[in-house]
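S.K.: First the structure, then my questions, so here it is.
The values are calculated or read from the model by the stated rules, or taken from the named source; none is laboratory data. Predicted, not measured: the structure shown is a model, and the values here were computed from it. Don't worry about glycine lacking a Cβ; one is built from the backbone with ideal geometry, like all the others, and counts go over all protein chains shown.
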Amino acid sequence: MANIAMLGTGLIGLFYTMSLRGKRSRDRVVVVQGRDPEKTKAFAGKHGVPRSTTSLEEAVSASDVDLVVVGLPNHLHLEAVAAACRAGKGVLCTKPLARTAAEAKQMLQTVEKAGVFHGYLEDLVYTPKTLKALASVRAGTIGRVLWTRSREAHPGPHSDWFWTKEMSGGGALVDMGCHCIEIGRSFVGKEVRPVEAVCWGATQVHPIEAEDSVVGLVRYASGALAQFESAWTFRGGMDLRDEVSGSDGTIWLNHWLRTGFEMFSAPGSGGYVAEKAETESGWLFPVGDETSALGYDDMFADMLDAFEAKRAPVETFYDGYVVNAIMDACYRSMDTKRWEPVALDDWRGKADAATTGAYVEYDARHWLIKFERMPDGRRKLILKDKETGAVKQTLE
């Protein structure tokens, strides 16, 4: 069992607290910290948290706190992590880890120097569908991963600080692209080095300094390409989808819309439907269990199991640092309109050599290019001669 200090009373603090009180109910949020004393006190009362405070230092240094969960705006992550380390407490930080790779590296060095447990709260790599898909990929079900696509888009975040570049560090890329990048990285293999990135970003709708739309590609040392799309301009709710293309198969995932729970209401539902839902009437797409569907339950199960077992969780501060480094390359690419290298001062994966697999061999003389079944039942094989390079087809 872990006693937790929850820093933040916004949407993410709410989801985190709901999840911690659910699947692993033996863990307890014993103190919550927020800026507004009345709001923080009300949050504590509603969610059964014994104490509330506006002091970060008081929350993290409490004698009964084992673990600190940072659910604060991006510009406060570094300060909160440093405070937790000074108190000798383990720390879990929401995404993105930081506003830049330099800031993320400083946070990584801080937790490692203090020797405290640390976890990167990247919930979307823990959704039930993603966990199942990752297990299939790792078992070799779809062969070598060649290309991934991850998309998150909705009408925009809830809180004002997201829209202020100095506080958030950026726009849709920092807010949601971090999810998509880590999803692609997980499918490609986190031991495979991200080499370079190219990215387009623009402000299409909102009167803000940062980008509200972004599309990018990340190339990996294995030859795999990971595509991501994020936008604060999508209308109709929240679009969460992933695709993985392998040498022997394909995976399609839809996490939020059109997942089998659809409802039409002419007068309106009269209440909350799902995160980022834009309407309470007409066709609605409710979500049965949001904390599970968004990955929070399995994420905290992994984090807290790892904390008890004194092992690293699936997502650590190092993973957050790599994601920030990729996003830095994406921002440079937005300016230069070119592929930009991913600058990683600290790489802990495989060597940079490409790890692409061999072609499929048909026999000692030929590579198999393609196989298909014809309407009459015969098999057509398209083969390439290993010596001459000649391509031919044969029917069997």
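S.K.: Given ALA364, ALA343, ALA312, ALA351, which one is assigned to a loop (DSSP other than H, G, I, E, B), among the hydrophobic types (A, V, I, L, M, F, W, C), in contact with a helix residue (DSSP H, G or I) (Cβ under 9 Å, 6 or more places away or on another chain) and over 30 Å from TRP256 (Cβ atoms)?
M.R.: ALA343
One line per residue, one yes/no per condition, for (1) under 30 Å from ASP346 (Cβ atoms); (2) modelled with pLDDT of 95 or more; (3) surrounded by 13 or more Cβ atoms within 10 Å (Cβ to Cβ); (4) not hydroxyl-bearing (Ser, Thr, Tyr):
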position	(1), (2), (3), (4)
ASN254	no, no, yes, yes
MET263	no, no, no, yes
SER292	no, no, yes, no
PHE317	yes, yes, yes, yes
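S.K.: Could you list, in sequence order, all residues of the range 100-116 that are under 20 Å from the mean Cα position of the chain (by Cα), of a type outside the set (Asp, Glu) and surrounded by fewer than 22 Cβ atoms within 10 Å (Cβ to Cβ)?
M.R.: THR100, ALA102, LYS105
S.K.: Which of the residues belonging to the range 4-63 are hydroxyl-bearing (Ser, Thr, Tyr) and out of contact with any Asp or Glu (no Cβ under 8 Å at 6 or more places or on another chain)?
M.R.: Answer for the range 4-63, where residues must be hydroxyl-bearing (Ser, Thr, Tyr) and out of contact with any Asp or Glu (no Cβ under 8 Å at 6 or more places or on another chain): TYR16, THR17, SER25, THR40, SER52, THR53, SER55, SER61, SER63.
S.K.: Mind counting the residues in the range 212-227 that are crowded, with 21+ Cβ neighbours inside 10 Å and polar (S, T, N, Q)?
M.R.: 2
S.K.: Let me ask something additional. Restricting to the range 212-242, name every residue that is in contact with a helix residue (DSSP H, G or I) (Cβ under 7 Å, 6 or more places away or on another chain) and either of a type in the set (S, T, N, Q) or part of a loop (DSSP other than H, G, I, E, B) (or both).
M.R.: ASP212, SER213, SER222, ALA224, SER230, TRP232
S.K.: Hey, among the residues in the range 273-290 that are surrounded by fewer than 19 Cβ atoms within 10 Å (Cβ to Cβ) and among the small types (Gly, Ala, Ser), which one's modelled with the lowest pLDDT?
M.R.: ALA274
S.K.: Test of understanding: among THR203, THR164, THR233, which residue is more than 23 Å from LEU11 (Cα to Cα), in the same structural domain as LYS129 (by TED's automatic domain parsing) and among the polar types (S, T, N, Q)? Write out each step before concluding.
M.R.: On the way: THR164 fails: more than 23 Å from LEU11 (Cα to Cα); THR233 fails: more than 23 Å from LEU11 (Cα to Cα).
It is THR203.
S.K.: Within the range 363-377, work out how many residues are farther than 21 Å from SER247 by Cβ and either touching a residue at least 24 places away in the same chain (Cβ under 8 Å) or surrounded by 12 or more Cβ atoms within 10 Å (Cβ to Cβ) (or both).
M.R.: 1
S.K.: Of all the strands (runs of 3 or more DSSP E) wholly in the range 86-166, which have at least 1 residues that are modelled with pLDDT of 95 or more and polar (S, T, N, Q)?
M.R.: Correct list: 90-94, 145-153.
S.K.: For the range 80-107, what are the residues that are under 17 Å from VAL29 (Cβ atoms) and among the hydrophobic types (A, V, I, L, M, F, W, C)?
M.R.: The answer is ALA80, ALA84, ALA87, VAL91, LEU92, CYS93.
S.K.: Filter the helices (runs of 4 or more DSSP H) completely within the range 1-62 down to those with at least 2 residues that are touching a Leu at 6+ places or on another chain (Cβ under 7 Å) and buried (at least 18 other Cβ atoms within 10 Å of the Cβ).
M.R.: Numbers: elements: 11-20, 37-46, 56-61.
Because the criterion is at least 2 residues that are touching a Leu at 6+ places or on another chain (Cβ under 7 Å) and buried (at least 18 other Cβ atoms within 10 Å of the Cβ), the helices (runs of 4 or more DSSP H) in the range 1-62 that meet it are 56-61.
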